Amino acid sequence: MNSYDELFSLKGPQERRKDLSGILAAAKKLGHPERKFPTVHVGGTNGKGTVCFKLAEVLKDNGYRVGLFTSPHLFTYRERIQINGKMIPEEEVFGRLSKILPLAEEPTFFDVTTLLAFDYFADEEIDVAVIEVGIGGRLDATNIVTPILSIITSIGYDHMAILGETLEEIATEKGGIIREGIPVIVGETAALPPILEKATDLTIARNNSTDIVRRALKKLPFSIDVGEGIRRRPPCRYEKRGDVIFDVAHNPTAFERLFKTVQREYPGKKIHLLLGLSKDKDVEDCLEVIERYTDHIALLPVEHPRLLPHEAFRIGTPLTAEKALTHAKQENAVAVVTGSFYIMSSLKPLRESLGLLP
């Protein structure tokens, strides 16, 4: 295999799976690579990617060889699988895909990617892996690990067609990563009965990535100096360049938090939104929050198959990012680029022009 075509052509299951037997069987054929290194398993509705990144940075700074598995990617598939900040080499991706694809009876994109990450980390003899849950937790492909620490950052309304209509139902799915006797760190909004009743060694943190990471580090069996790593952020998580902000908020709770932060840091300024939403989002719930905070909404070009077409929005003006930013500058407004991971890859040239990499 020498291209991503076959991998990207894999779809998710038409129906929600009933258990993890399929991916466990494939992992067994690989020799259970997920059992060959200690794991920190991180789930939650919002903030889990940032928590994973900060944890990996702190551990790396302390001399550990750290595998980081996150999703989705922003600019390139290889971002999903990193060791000490370095993306998996392309030849490793293709070589391992050729080995892994035949092992799965009904391979899905995320299952195969998860197995690829575990196989790579095992062969590279990492000291610890920080693993982000894809969706939910209980039936997520990553949940074949037995972690040394579980983290649930927050609980909010997202992926409701899969996870359930109520916060309790969503918490039950997210709480599926909890293991008996294994310590659990939860953000305040994740401290709901389905999680509280399951956890036997529980620490509640503020809904703040830095606080969650600090408390998590205290539970790990490593010698750690927190240092500067905890202050770093991954790309597109409240990433600022002057009056332009890139963020991957994509549900009502995340939008609310994002706009409140913008108002606090830019008091009195108008907010111009550059927006793209994924097809699995509840547009009306998102727009209800967006309308309360923003002064202008630009609908970015739809350049990814996972994005909603402009016709799905009852408000907003279709504009290129360049024209939207020009308008925001003329209005002396803060430009907030957000709504989905999937808008960011097409904005890479714009980000580079602003001095933001990748």
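Please treat every number below as a calculation from the coordinates, not as lab data. On a predicted model such as this, the values are computed, not experimentally measured, just so you know. Heads up, the Cβs are rebuilt from the backbone with ideal geometry, glycines too, and the neighbour counts pull from every protein chain shown.
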To the nearest 20 debye, what charge dipole does the stretch 239-353 have about its Cα centre, counting +1 at the Cβ of each Lys and Arg and -1 at the Cβ of each Asp and Glu?
320 debye
Local charge sum around PRO183 (other residues, Cβ-Cβ under 9 Å, Lys/Arg +1, Asp/Glu -1)?
0
List the equivalent ellipsoid semi-axes of the stretch 232-287 in whole Å, largest first, each obtained as the square root of 5λ for an eigenvalue λ of the Cα gyration tensor.
20, 14, 10
Inter-site label distance for LYS240 and GLU180 at 7 Å from Cα along Cβ, in nm
4.9 nm
Distance in Å, no decimals, from the C-alpha centre of the stretch 233-260 to the one of the stretch 42-102 is 21 Å
How would you rank 175-184, 271-280, 93-102, highest first, on the average number of other Cβ atoms within 10 Å across their residues?
271-280, 175-184, 93-102
Which of the lysines could be linked to LYS240 by a straight reach, that is with a Cα gap under 28 Å, when you skip same-chain ones fewer than 8 residues away?
LYS48, LYS54, LYS60, LYS86, LYS260, LYS269, LYS270, LYS279, LYS281, LYS323, LYS329, LYS348
Assuming R0 = 25 Å, what is the FRET efficiency of GLU291 and ALA312, from their Cβ-Cβ distance, to the nearest 0.05?
0.95
When the charge dipole of the stretch 5-231 is computed with +1 at the Cβ of Lys and Arg and -1 at the Cβ of Asp and Glu, the Cα pointing farthest to the positive end, of SER9, SER21, THR189, is that of THR189
Cβ crowding within 10 Å averaged over residues, with 145-155, 119-129 ranked highest first:
145-155, 119-129
Using a Debye calculation, one point per C-alpha and no hydration shell, please list log10 I(q)/I(0) for the chain at q = 0.08, 0.10, 0.14 Å⁻¹ in order.
-0.39, -0.62, -1.24
Calculate, in nm to one decimal, what ARG232 and GLU124 gain on full extension: separation in residues at 0.36 nm each, minus their alpha carbon distance.
36.4 nm
Sum up the charges of everything whose Cβ sits under 11 Å from the Cβ of ILE83, counting Lys and Arg as +1 and Asp and Glu as -1, but leave ILE83 out.
-2
Cβ under 10 Å from PRO194's Cβ, PRO194 left aside: what net charge do those residues give with Lys, Arg +1 and Asp, Glu -1?
-2
Along Cα→Cβ, 7 Å out, is where each label goes; now give me the distance between the ones at GLN330 and GLU105 in nm to one decimal.
6.0 nm
By the mean-Cβ-within-10 Å protection proxy, highest first, 209-218, 158-167, 334-343 rank as 334-343, 209-218, 158-167
Förster radius 22 Å - calculated FRET efficiency between ASP19 and THR146, Cβ distance, rounded to 0.05:
0.85
Would you mind checking which residues have amide H under 5 Å from SER278's amide H? H placed 1.01 Å from N; only 5 or more apart, or other chain.
LEU308
Cβ charges +1 (Lys, Arg) and -1 (Asp, Glu), total dipole of the chain, debye:
780 debye
Give the relative contact order (percent, whole number) for the chain; include only Cα pairs under 8 Å separated by 6+ residues.
17 percent
Could you identify which residue out of ILE185, ILE297, ILE224 has the top mean-square fluctuation in a GNM of the chain using Cα springs shorter than 10 Å?
ILE224
